[in-house]
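Comments concern the structure below.
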């Protein structure tokens, strides 16, 4: 039973005051935690996400900040940074970079592209890796948090972009992380003294070589059936329009999977060139993968070689958006 | 929409504001606002299934009024039959149809006959078991003459679809909820504050404790063949904590939200893991469902006021139905059966056992702790069948626990100081509610004055671990 009490006309104002008191108390505690975290690394590690090497975002962003604008840029999730080796793509005669992060969704790739424009590093060709299982999410907070905590940025405006990204995903903790690391990095420069990644080694230009043991058989898995959420479709349309206006050739890349996710590409993507990784002969060979969708280094090498040929054909007949 | 989604934190203040502003106009307008909010809340998931709730509400509204108006027993029975047929028919179609088809096909293949049926491509509407049981109890109560039917369609629609408890309970009785919807509601400071506190604690239970235990439970249950017995037992423990925190967390948020609207919902959980016996467990766990089965199945079947064999049969029927209510799978049936078997001794010797244990509790707390542990272990045994996807999986899991194997290094993967700490906090809070004298002592400590810091740290953890709309386990039922 709910507790009984007499009703008074001032109940609402008392209730409002109660909520304000509680919010102020919680706000004060948050401030205290932030101050203590800036002073003591252990507190920082406990309350804020600890910097780590998983996905090698630090090394990737460091290299990105020191590199000129590439000809060919890859945006997407871990399927891309573990699968596409830019060293193999040199055969194309184009400079390339893989600017991806774990569980990076289409919406996040779109916002990162906007930040890349601000950095004046827009590429000539953009390959967007869209892993279908991520289409069913409302948003992926893993990626935003990874960029905030582990990313290296030469200017502070990138943190502002990350703050916008967190707010658009309605993720208050990512927003707090972006704000905190924005301030924290002023006094504590980024270092590599952090928990090492046991799943991969950073090579160069964004590529991570998968270190896990390769599979010996195709995993038993019921294929997931997914549809692209409306907000991702909207982000996608905006991204296409953006590329059209800036004369960037956009190519869609569907990563290979041992057990393929069932999906249907939205109709508006029909006019774009699509490379389907499932057409790669190695997509049904478990020795190239360490799980259903992530490639080991040798698998990435074979896949990237195949991708060179497909990109050569695709970029030639890709729709020229420049008007 | 679900409670742990950002939309809900916008939705709730808006509805709250409009609802209490409408109080100046009329109760009718408040009900309209509640009804619209409830349909928005449900339609956020899939608006197409709103028609099912609306149809169910319309049928039960008119049928119940006709039952009340009719004096002929045969007519009343026939009308009740219509209500039962429609509600149970919907449940059977959406929830159990494919189960029966699969079971039929399995049986035919065992017999070597080729007479297979095709399964249907249907989506299970969220919360169908909850609102169906709520409307069923309404029709039955009207038929029994325990309740006057609602005369206002909007009031009845609001009763059926009241959003805090629509998708996962507590399953409210019309005798309790409907009069509150019909009466004028007043905003009460103490009740609203208690509601906010309950919501806060429910959110902590769900997001900080339940979801995190769920991560470990999933890892262990999915990869059980490579793990040792201790890790597997830990997996069951994590699932026991997960399901309790998930479901009781939902109930707390639902009850707390309803209090903000001046409506009192029934208690659904009373610290069930402190039970000293299975019968006590069922008086503390999912109370709204167990009392539903007691009032509408067990007692009409004769309850315990009949022969010993008949009592056993009645208990088994109730528990098998309860298992089947949870899901269309043999696992749930076996889970219900296990609880039925464990419940039978208590139902036959219930009063004596209770008296004996009461006498013992007077001279030793140690025995109580042992009884609580024994009940917890028995409940955990049942959870294995509840959690596993197939009976084969459950038996293999139990067999692997029974092998008493040890795999070095695995335990470290599944014991996390944060999670352990929060489980202890959760158990501590439950203990304080269970033992008011202990709670009074804690409140008298000087440290209690700084409780706002605890609120702050808890809010921080909640924000940090808040997963965008991780569904509640009981949504699937």
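Worth a mention:
- Of the residues making up the stretch B:73-94, those that are without any contact (Cβ under 8 Å) to a residue 24 or more places away in the chain and more than 13 Å from residue B:143 (Cβ to Cβ) number 3.
- Flag for residue B:251 being within 14 Å of the chain's Cα centre (by Cα), in a helix (DSSP H, G or I) and more than 13 Å from chain A (Cβ to nearest Cβ): yes
- Qualifying residue in the stretch A:89-98 (condition: surrounded by 17 or more Cβ atoms within 10 Å (Cβ to Cβ), under 22 Å from residue A:165 (Cβ atoms) and touching a strand residue (DSSP E or B) at 6+ places or on another chain (Cβ under 7 Å)): yes
- Residue match in the stretch B:207-215 (condition: over 30 Å from residue B:396 (Cα atoms), within 14 Å of chain A (Cβ to nearest Cβ) and in contact (Cβ under 8 Å) with a residue 40 or more places away in the chain): yes
- Of all residues in the stretch B:257-286 being outside any loop (DSSP other than H, G, I, E, B) and out of contact with any helix residue (DSSP H, G or I) (no Cβ under 6 Å at 6 or more places or on another chain), the one that is surrounded by the fewest Cβ atoms within 10 Å (Cβ to Cβ): B:283
- Yes/no for residue B:140 being in a helix (DSSP H, G or I), away from chain A (no Cβ under 14 Å), modelled with pLDDT of 90 or more and over 20 Å from residue B:91 (Cβ atoms): no
- Of all residues in the stretch A:139-155 being in a loop (DSSP other than H, G, I, E, B) and under 13 Å from the mean Cα position of the chain (by Cα), the one that is modelled with the highest pLDDT: A:151
- Count of residues meeting criterion [in a loop (DSSP other than H, G, I, E, B) and within 21 Å of residue B:324 (Cβ to Cβ)] in the stretch B:77-127: 9
- A count restricted to the stretch A:247-275 and to residues that are surrounded by fewer than 16 Cβ atoms within 10 Å (Cβ to Cβ) and within 21 Å of residue A:100 (Cα to Cα) stands at 1.
The rows are residues; the columns are (1) under 23 Å from residue B:218 (Cβ atoms); (2) modelled with pLDDT of 90 or more.
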{"residue": "B:309", "(1), (2)": "no, no"}
{"residue": "B:350", "(1), (2)": "no, no"}
{"residue": "B:355", "(1), (2)": "no, no"}
{"residue": "B:368", "(1), (2)": "no, no"}
{"residue": "B:383", "(1), (2)": "yes, yes"}
{"residue": "B:389", "(1), (2)": "yes, no"}
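- The listed residues are B:289, B:313, and the only one of them that is part of a helix (DSSP H, G or I) and surrounded by fewer than 17 Cβ atoms within 10 Å (Cβ to Cβ) turns out to be B:313.
- For residue A:39: the one exception among (1) closer than 30 Å to residue B:17 by Cα; (2) within 37 Å of the chain's Cα centre (by Cα); (3) loosely packed, with under 12 Cβ neighbours inside 10 Å: (1)
- Test result for residue A:217, part of a loop (DSSP other than H, G, I, E, B) and either crowded, with 18+ Cβ neighbours inside 10 Å or in contact (Cβ under 8 Å) with a residue 12 or more places away in the chain (or both): yes
- Of all residues in the stretch B:167-198, those satisfying the criterion of being within 13 Å of chain A (Cβ to nearest Cβ), surrounded by fewer than 17 Cβ atoms within 10 Å (Cβ to Cβ) and assigned to a helix (DSSP H, G or I) are B:176, B:197.
- Qualifying residue in the stretch B:216-224 (condition: within 14 Å of chain A (Cβ to nearest Cβ), in contact (Cβ under 8 Å) with a residue 12 or more places away in the chain, buried (at least 20 other Cβ atoms within 10 Å of the Cβ) and touching a helix residue (DSSP H, G or I) at 6+ places or on another chain (Cβ under 9 Å)): no
- From the list A:278, A:287, the one residue that fits, being in contact with a helix residue (DSSP H, G or I) (Cβ under 8 Å, 6 or more places away or on another chain) and either touching a residue at least 12 places away in the same chain (Cβ under 8 Å) or crowded, with 18+ Cβ neighbours inside 10 Å (or both), is A:287.
- Unmet criterion (only one of (1) more than 25 Å from residue B:55 (Cβ to Cβ); (2) in contact with a helix residue (DSSP H, G or I) (Cβ under 8 Å, 6 or more places away or on another chain); (3) surrounded by fewer than 22 Cβ atoms within 10 Å (Cβ to Cβ)) for residue B:207: (3)
- A residue that is in contact (Cβ under 8 Å) with a residue 40 or more places away in the chain, more than 24 Å from residue B:262 (Cα to Cα) and touching a helix residue (DSSP H, G or I) at 6+ places or on another chain (Cβ under 7 Å) cannot be found anywhere in the stretch B:25-38.
- Condition met for residue B:243 (closer than 20 Å to residue B:375 by Cβ, assigned to a helix (DSSP H, G or I) and more than 14 Å from chain A (Cβ to nearest Cβ)): yes
- Considered as a group, the residues in the stretch B:151-166 that are surrounded by fewer than 22 Cβ atoms within 10 Å (Cβ to Cβ) and within 26 Å of the chain's Cα centre (by Cα) include one that is nearest to residue B:29 (Cα to Cα), and that residue is B:155.
The values are calculated or read from the model by the stated rules, or taken from the named source; none is laboratory data. In this text the structure is predicted, and so the values were computed from the model without any measurement. When we count neighbours, we look across all protein chains shown, and the Cβ atoms used for this are built from the backbone with ideal geometry, even at glycine.
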